[in-house]
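Notes follow the structure.
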Amino acid sequence: MYSRKARLESITDWWGANIMPSKKTKELLEGLGKITDSAPKSFQEQTFHSYTNRYYANTLHTLPSIYDKAKRKKDEDGEEYVMIDRIYGSIFKGGDRLQQADGTEYKGKLYSKRRLITSKDPITKEKKNFYSPCRVTADGRWFDNTGLPIEAPDKLEPEKVKSAEDLEEEQRLKAEKEARILANLK
């Protein structure tokens, strides 16, 4: 490999001829370094502002308090909205993505949780409890099952703690599976 300096110096071929690059060739070779320096840097993340990341104030859903000071914008019709973070789903496992208010995509992990919700039947006044799926980011932002931001829930489903017997059973099954795979290799 020749260094840049070596290419600009005179070159002696194997038969002894001295080939000296012309002044124009030297200028072109020096200019190549400038071209690569001015080339665009590695891919920059594109920002994409979706219409569904716009939140128009309503009584059906209240936003977390972090959006109280968010910059209000006006749409084509003159109505005010706020850009919000929003989770978009996928039919594939782990395919959910978080589109942030600034238009970038969240690169961290999204965790699935279940929150306990109490609803009151308006006719019978009977209270019903049920679990609703929600998502949380590593930095503590919470989203409901529609992908809209919510305050951190008070009541969450308790985490499943594995007993020693469950861990032992998992290890046994893992060892059996590994033994079957190794037996098939022979």
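What length, rounded to one decimal in nm, is gained on full extension from Tyr56 through to Gln171, with 0.36 nm per residue of separation minus their alpha-carbon distance?
Values: separation 115, 0.36 × 115 = 41.40 nm, distance 5.15 nm.
Gain on stretching Tyr56 to Gln171: 36.3 nm.
How high is the relative contact order of the stretch 51-150? Use alpha-carbon pairs under 8 Å, at least six apart in sequence, and give a whole percent. Don't skip to the answer; put the middle values down first.
Working: 153 pairs, mean separation 21.9, N = 100.
About 22 percent, as a whole number.
Does the stretch 38-186 come out rounded, prolate or oblate, given a ≥ b ≥ c as the square roots of the eigenvalues of its C-alpha gyration tensor, rounded meaning a/c under 1.5 and, failing that, prolate meaning a/b above b/c? Walk me through the intermediate numbers first.
Working: a/c = 3.15, a/b = 1.35, b/c = 2.33.
Here the stretch 38-186 falls in the oblate category.
A short reminder: the numbers here are calculations on the coordinates, not readings from a lab. Quantities reported herein were computed from a predicted structural model and do not represent experimental measurements.
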